[in-house]
Amino acid sequence: MSGIMTDSLSPLHRQKLIALAEALVDQRAARVLVEPYGQAQGFWFGGGNVIRDRDGSFLICGRHRVSGDSRLGTGAGERGLELAIYRAASALGPYEKVKSFSKADLTCAGRAVVSIEGVALHALPDGGGVELFISTEKDAAYPERLAAYQKPGTGVWSIDRIQAADIDSLNPAGIEEIVPSGWDQPEHLHCKDPVVSDLPGGDLLLIYCVHPFTWSSSGTAALIRRSGTGIYEKVGDDLLRRGPVWDIAAARVTERLPVPAVGAFADLPPLSIYFYDSCESLRQLDENPAAVSRPRGWSCEEIGGIAAGFDAAFPEMQSVTVESPIFVSPHGTGCSRYVATLVTEDGILATWQQSQTDLRQPLVGHFLPMDRVREILS
């Protein structure tokens, strides 16, 4: 553990981190990369990440969601319908679907899948192939003493993994569960939305979201897989504390982005930005018409901010956006969530789900040239 803590960052450094994040996740400059299957509320694509394939092409993964609501049971709609992978020759597309898996395809250990959510692709080092992390809601019951809290037609979330030599060879026949549901910790019963990041030395950081059995909040947990092993070590169950203002109900980290060591950051130890989704309440709140109108977010319509932490002090991190969110769509509900990034030699690609005027949530993207990154951090 390093003696350098995030709260030692100067106001200037914090301002520059926010400026970089806002320039990356530019709400008005974003363009649609992948459309959902419907042009109405409840239709989404996203919740994944983007990587480069061996041939230099760009691969986006995510889940297609169609209308439905877990609060009413799966009979209200199909919900998380399909895991899909798209390919493009350039960062901003056009993207074409090259692989997909249905809920039936992703059955694991004999347990049927009720819904699919966050997924993540990871290219293994030294051409060792590719792995795909998948969060699914499996047909399983709550612990007996908590059974009354389980909504009809719902299950319990956990995270699985499949591996192959390349994208075309990915096959769920070899699927294995790597993050089981938190049966011994019902306050973290549901585990979902994996995020992967390579650490120095070859270790893999696996960040994921946790929810209690009541679905009254969300938080962030993490595992580390040591280089050359298949063993996952728990780092913590509460990496990013929920905040006092706009992010009091949730703190779901969706991405880790190492900050380029340039400009004002050239003499600092290695530092990372953590993009996160949150909201003021998991249910939509009615505002007093005489009060200040502000984006609040709610479950499935989250808004976003950033935290930061020195790499040597991980998992210590702190929100940089304490007073208000910085990622709010100018359209629809304001929802802006599941930010993912990819650093290339030319710049940084950011992708995220963004609410539109018809309330659908396509995956959108924006590319920030490296010259602009250096200018912001200078």
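Each value in this text was obtained by applying a stated rule to the coordinates, not by laboratory testing. Computed from a predicted model, the values in this text were never measured in an experiment. Using ideal geometry, Cβ is built from the backbone for each residue, glycine included, and neighbour counts are taken over all protein chains shown.
Below, the figures for the structure above:
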{"quantity": "Of LYS16/LYS99; LYS99/LYS151; LYS99/LYS138; LYS97/LYS151, those spanning more than 30 Å from alpha-carbon to alpha-carbon", "calculated": "LYS16/LYS99; LYS99/LYS151; LYS97/LYS151"}
{"quantity": "Part-to-part distance (alpha-carbon centres) for region 78-114 and region 308-342, which is given in Å", "calculated": "26"}
{"quantity": "Cα gyration tensor, region 198-263 - rounded (a/c under 1.5), prolate or oblate", "calculated": "oblate"}
{"quantity": "Approximate shape of the chain as ellipsoid semi-axes (Cα gyration tensor, √5λ), whole Å, largest first", "calculated": "28, 25, 22"}
{"quantity": "Amide proton proximity set for GLY347, modelled H, under 5 Å, gap of 5+", "calculated": "MET370"}
{"quantity": "For the chain, the longest site-free run once GluC sites (Glu not before Pro) in DSSP loop states with at most 12 other Cβ atoms within 10 Å are removed", "calculated": "1-286"}
{"quantity": "Residues with amide H under 5 Å from that of THR321, placed H, sequence gap 5 or more", "calculated": "ILE306"}
{"quantity": "Relative contact order (percent, whole number), region 6-377, Cα cutoff 8 Å, 6+ residue spacing", "calculated": "17"}
{"quantity": "Computed helical MRE - 222 nm, the chain, DSSP H runs ≥ 4 contributing -39500 (n - 2.57), nearest 500", "calculated": "-2000 deg cm²/dmol"}
{"quantity": "Residue order, fewest to most surrounding Cβ atoms within 10 angstrom, among PHE265, PHE58", "calculated": "PHE265, PHE58"}
{"quantity": "Whole-number percent relative contact order across region 233-377, with pairs defined as alpha carbons under 8 Å at least 6 apart", "calculated": "20"}
{"quantity": "Debye, to nearest 20: dipole size of region 64-177, +1 on Lys, Arg Cβ, -1 on Asp, Glu Cβ", "calculated": "420"}
{"quantity": "Loop-resident sites, region 124-202, for chymotrypsin sites (Phe, Trp or Tyr not before Pro), counting at most 15 other Cβ within 10 Å (DSSP)", "calculated": "TRP183"}
{"quantity": "Note, ³J(HN,Hα) from phi for region 373-378, Karplus 6.51, -1.76, 1.60, rounded to Hz, x at Gly and Pro", "calculated": "4, 5, 5, 5, 8, 6"}
